[in-house]
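Below is one structure; the comments refer to it alone.
The values are calculated or read from the model by the stated rules, or taken from the named source; none is laboratory data. Predicted model, so just to flag it, every value in this text is computed and none were measured. Ideal geometry is used to build each Cβ from the backbone, glycine not excepted, and the neighbour counts take in all protein chains shown. Calculation scope for accessible area: heavy atoms of the full protein, side chains included, ligands and nucleic acids excluded. Shrake-Rupley method; radii C 1.70, N 1.55, O 1.52, S 1.80 Å.
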Amino acid sequence: MSMSLAVKRLQKEFLDLSQHPPELCSAGPVEENMLTWQAVVIGPQGSPYEGGVFYLDIVFPVTYPLKPPHIQFNTPIYHPNVSENGCIGLDLLTSRWAPTCTISQVLLAICAMLTDPNPNNILDPDIGSVFLEDRPRFEIQARKWTKEYAM
């Protein structure tokens, strides 16, 4: 029963995404599996990720939308809120999740995170230290990784 509710909801969200794509983002199912998606986020203008193309893997639980999707970067990114294996530290995917949240909202929140990292949700301590203590060095390194892995 819950599997069909999740699939129905995801079909509706995919249709909405197709008709009204959020700026700098896109997402959709991988082949025929509605519970496994791939997303693309374009690095926002004015951020050290500008011009980068970042791929993300999205796995929806069968209890979606009651439980949040699991999202991680597939493209390496130098960001304090992203762990070495691509996990994302974003309140919207944990404590602030609500069944009314959509994948469009989550993707927009990830884009916002690229522009404005959260110093209170650091998942990579080394990158976090550089971000907090030497912002120019952080931006240089983030641009370097973007050019190396996302362009």
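Summary table below
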quantity: Top-ranked residue in the range 61-76 [being under 13 Å from the mean Cα position of the chain (by Cα) and among the hydrophobic types (A, V, I, L, M, F, W, C); ranked as farthest from Val106 (Cα to Cα)]; calculated: Phe73
quantity: Looking only at the range 71-83, and only at residues there that are in a loop (DSSP other than H, G, I, E, B) and not polar (S, T, N, Q), the one that is surrounded by the most Cβ atoms within 10 Å (Cβ to Cβ); calculated: His79
quantity: Pairs with Cβ under 6 Å, 6+ apart, first in the range 126-150 and within 17 Å of Asn81 (Cα to Cα), second exposed (fewer than 13 other Cβ atoms within 10 Å of the Cβ) and charged (D, E, K, R); calculated: Val130/Arg137
quantity: Contacts under 8 angstrom Cβ, first residue in the range 90-110 being under 17 Å from Thr63 (Cα atoms) and in contact (Cβ under 8 Å) with a residue 60 or more places away in the chain, partner acidic (Asp, Glu) and open to solvent by 20 Å² or more (accessible area, probe 1.4 Å), 6 or more apart; calculated: Thr102/Asp16
quantity: Selected residue (criterion: surrounded by the most Cβ atoms within 10 Å (Cβ to Cβ)) from residues of the range 84-100 that are within 12 Å of the chain's Cα centre (by Cα) and in a loop (DSSP other than H, G, I, E, B); calculated: Leu90
quantity: The range 132-149, residues that are open to solvent by 100 Å² or more (accessible area, probe 1.4 Å) and either closer than 8 Å to Tyr78 by Cα or among the acidic types (Asp, Glu) (or both); calculated: Glu133, Glu148
quantity: In the range 1-57, the residues that are of a type in the set (Gly, Ala, Ser), out of contact with any strand residue (DSSP E or B) (no Cβ under 9 Å at 6 or more places or on another chain) and open to solvent by less than 40 Å² (accessible area, probe 1.4 Å); calculated: Ser47
